[in-house]
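Just below is one structure, and these are the notes that go with it.
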């Protein structure tokens with residue numbers, strides 16, 4: 001279908017490579033289900049050879065999302081990534097084989113800089129390896145994708161040669177990566193056009209584009225590739241990924257939709273699911289979406305300038321090229337309140353795309369009522385934050401039971417925290433900090449002995465108003481031989497409580513899999529000695 005562009009989503013593979021965006025198998029599965037609802041054609045579920053956990057996540061996605069059912073009639077292709085070696089390809093097939101439409105995606109670099117400094121291979125050796133490994137993948141799987149890594153900096157003539165060998169060995173998709181975000185749109189478009197024109201058999205397979213955003217040109221390069229003949233684009237939700245990220249799914253999809261008269265192309269994406277997918281990925285990866293992010297940012301459909309507001313009141317098209325509802329951004333502000341019943345609550349969640357069993361619904365409804373007692377108006381954004389905070393968090397090894405903070409000027413910010421440990425015991429601790437959040441984190445650190453460095457702390461209000469629900473995102477770096485960066489997310493009407501929830505979410509990820517988490521938990525109640533020293537020194 002020459003007027004159809006396949007959407008290949010690599011949020012769960014390339015997107016997960018964002019620092020701190022590590023996802024466990026359950027989180028990957030939930031995102032994959034949402035990607036299927038969104039309507040992506042291909043889900044790159046992971047890199048099976050990278051770890052047993054990644055292999056298991058890909059296997060579960062292949063089994064549970066990669067097979068058609070009543071709620072998922074158009075099961076997406078499930079792909080796994082493999083380096084061009086036998087071990088990787090075998091592991092990839094073992095993970096994706098359970099899908100109705102499995103795909104092996106293998107790659108090998110083709111730029112001289114990669115050949116010389118990384119691979120230590122000659123061009124002839126690369127050509128031979130590509131032919132051998134694509135053929136090996138083809139023996140397992142009818143659908144094989146090949147990527148010449150760093151194609152944007154490869155010599156075109158050598159690139160044509162490598163791609164021709166991949167096609168002869170059985171590749172059905174040729175993906176052209178601008179791995180380091182180096183090319184300009186005109187260059188990348190010309191590269192794709194050259195491949196279509198000079199690679200024998202290229203007209204019989206799908207040409208794909210995979211662009212990175214190091215120079216802020218990933219979406220522009222991808223659209224240039226489409227204009228030159230690419231009919232698959234490799235993207236991530238919110239544009240997350242290595243370094244500056246990947247091409248943003250929502251930007252490409254809405255560019256093709258909003259400018260259909262220009263491109264004359266379609267996708268299979270249900271655009272009304274875009275906003276929800278963006279929130280889900282942001283919550284699970286603990287990577288906040290910048291307010292001015294195209295399509296899904298908080299300001300994407302906001303108008304403050306008087307001239308813009310005047311134009312909007314006269315006619316929406318003066319300053320909006322797409323309607324918020326098209327991407328699933330709700331227009332209703334007054335949705336639910338404390339007098340709303342369970343049925344209305346369930347109906348609204350269903351409208352927003354959340355499907356829950358009775359037990360989860362009852363749990364969510366209790367949280368809703370607690371929130372409604374604090375806020376007069378519960379918006380869709382509040383509901384999304386509530387659901388994310390309640391259900392999209394890592395397993396609770398350490399849980400917040402109580403938190404009391406005193407602060408102000410003059411005075412010493414002091415936090416008293418009660419945490420519940422893995423064995424059900426509770427411990428109380430108090431600490432002094434430079435502010436209420438610092439004091440809270442010091443108290444938590446005294447109870448949970450999991451050394452880390454707080455490298456990022458971000459807070460924003462979900463909605464406007466003094467009673468807004470606050471969301472906090474943190475990023476922690478472990479003190480290990482090979483440091484890991486992990487994220488945490490929390491939401492509450494009390495921003496200090498939200499901060500504590502986010503920090504504990506990060507700590508729970510940090511210690512997940514620890515053989516004896518109880519050993520990290522303080523076994524008795526006491527008040528930090530340095531707090532008393534601090535007081536004495538300032539009498």
Check your understanding: Relative to the first principal axis of the alpha-carbon coordinates of the chain, what is the inclination of helix 52-64, with its axis defined by its Cα atoms, in degrees from 0 to 90 and to the nearest 10?
Key -> 80 degrees
Point to revise | Overall dimensions of the range 137-240 by Cα: Rg and Dmax, Å | key: 12.9, 39
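Going by how many other Cβ atoms sit within 10 Å of their own, how do 11, 272 line up, fewest first?
On the way: 11 32, 272 14.
If I rank by nearby Cβ atoms, fewest first, I get 272, 11.
Take the Cα radius of gyration of the chain and divide it by 2.2 N^0.38 Å, with N its residue count; two decimals is plenty. Could the numbers behind the result be given before it?
Working: Rg = 25.3 Å, N = 539, 2.2 N^0.38 = 24.0 Å.
That ratio works out to 1.05.
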Exercise for review: Report the far tail of the P(r) of the range 207-286, meaning the percent of Cα-Cα pairs longer than 14 Å.
Suggested key: 61 percent
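How would 449, 231 line up from fewest to most surrounding beta-carbon atoms within 10 angstrom? It would help to have the intermediate numbers written out before the result.
Working: 449 11, 231 19.
Ascending number of Cβ neighbours within 10 Å: 449, 231.
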Exercise for review: Starting from 0 in steps of 5 Å, tell me what percent of the Cα-Cα pairs of the range 6-285 lands in each bin.
Suggested key: 1, 6, 14, 18, 20, 19, 13, 7, 2, 0, 0
Exercise for review: Report, in degrees rounded to the nearest 10, the 0 to 90 angle that the Cα long axis of helix 25-38 makes with the longest principal axis of the chain.
Suggested key: 60 degrees
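Any idea what % of Cα-Cα pairs in the range 96-192 are farther than 20 Å? Please list the in-between numbers first.
Working: 1729 of 4656 pairs.
For the range 96-192, the share of Cα pairs beyond 20 Å comes to 37 percent.
Taking square-rooted eigenvalues a ≥ b ≥ c of the alpha carbon gyration tensor, is the range 360-441 rounded, prolate or oblate, where a/c under 1.5 means rounded and, failing that, a/b exceeding b/c means prolate? Spell out each step's value before the answer.
Values: a/c = 2.64, a/b = 1.43, b/c = 1.85.
Note, shape of the range 360-441 comes out oblate.
How big is the antiparallel share of DSSP beta bridges in the chain, given as a percent to the nearest 5? Write out the running numbers ahead of the final one.
Values: 35 of 71 bridges.
In the chain, DSSP labels about 50 percent of beta bridges as antiparallel.
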Exercise for review: Sum -39500 (n - 2.57) across every DSSP H segment of at least 4 residues in the chain, then divide by the residue count to get the 222 nm mean residue ellipticity, nearest 500.
Suggested key: -12000 deg cm²/dmol
Practice item. Using only Cα atoms, find the angle between the long axis of helix 274-285 and the longest principal axis of the chain, and express it within 0 to 90 degrees, rounded to the nearest 10. Key: 70 degrees
Revision key, fill the gap. Log10 I(q)/I(0) at q = 0.16, 0.34 Å⁻¹ for the range 224-267, from Debye over equal alpha-carbon scatterers, is -0.44, -1.21
Point to revise | the range 330-390 - Kirkwood radius from inverse mean 1/r over Cα pairs (Å) | key: 11.4 Å
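Convex hull over the alpha-carbon atoms of the range 399-537: what's its volume per residue in Å³?
Details: hull volume 16.1 nm³, N = 139.
Taking the convex hull of the Cα positions in the range 399-537, it is 116 Å³ per residue.
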Exercise for review: Before anything else, pin down the relative contact order of the chain: Cα pairs under 8 Å, at least 6 apart, normalised by residue count, whole percent.
Suggested key: 11 percent
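Laboratory data are not the source of any read-out in this text; all were calculated from the coordinates shown. Please read these numbers as outputs of a predicted model, since none were measured by experiment. Backbone-built Cβ (ideal geometry, glycine too); neighbour counts: all protein chains shown.
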